[in-house]
Each structure stands twice: as C-alpha cells, then as structure tokens.
Amino acid sequence: MKKNLVDLGNNLKEECPENDCTIYRNTFLMWEDINETLRGCLMGEHSKHILEKESRRLERDLENMYLFNYAVKQYRSNH
C-alpha cells in the first residue's frame, strides 16, 4: 500500500486537479518532509517519537483518502 501512496503523491506533485486531490498532495508533501527529517537529522528520542507519531497519522490520512475519497479515486482511475 505504501508504494501506491507514494506513487500517487509523486504524480500529484506534477499534475494536481483543483479538487480534493490537492488535499492529498499537500498531506503527502507534509508526510514526505517529516520522513525526510526523520532519516536525516539527529534528534532526541522525544522529538523522534513525536515526528514518528505524526508520520503515522498522516500515512493513515493518505490511506483513507486513497481508498475512500471520491476525487482521488476518480484521479486514480483516469491515470
């Protein structure tokens, strides 16, 4: 599933219609930024825990949009 979320997010970076796909794209960008920060920075355990928790929350949001959001489903079926 994670690969599907990433593929869709990367596609929407290039071409994003003016509908709920924008919300998916923006959520994906936040998720991507947090994960990049987690990979590249030295931080305390508390900070790392908070970022990991937020990453999981954003990933769940992306999964829900991927599976249930009408505009996102339409975009996927057309691309």
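Build a GNM of the chain with springs between Cα atoms under 10 Å apart, and of E15, E45, E32 the one that fluctuates most is E45. Of the labelled options (1) 49; (2) 57; (3) 68, which one gives percent of Cα pairs over 16 Å apart as computed for this structure? The listed entry that was calculated here is (1).
Once the C-beta distance of N64 and L38 is scaled by a Förster radius of 25 Å, the resulting FRET efficiency is 0.70 to the nearest 0.05. For the chain, the mean residue ellipticity at 222 nm estimated from helices alone is -28000 deg cm²/dmol, where every DSSP H run of n ≥ 4 contributes -39500 (n - 2.57) and the total is divided by all residues, rounded to the nearest 500.
Laboratory data are not the source of any read-out in this text; all were calculated from the coordinates shown. Only a predicted model underlies this, so the values are computations on that prediction, with no experimental measurement involved. A quick note on method: Cβ atoms are made from the backbone with ideal geometry, for glycine too, and the neighbour counts reach across all protein chains shown.
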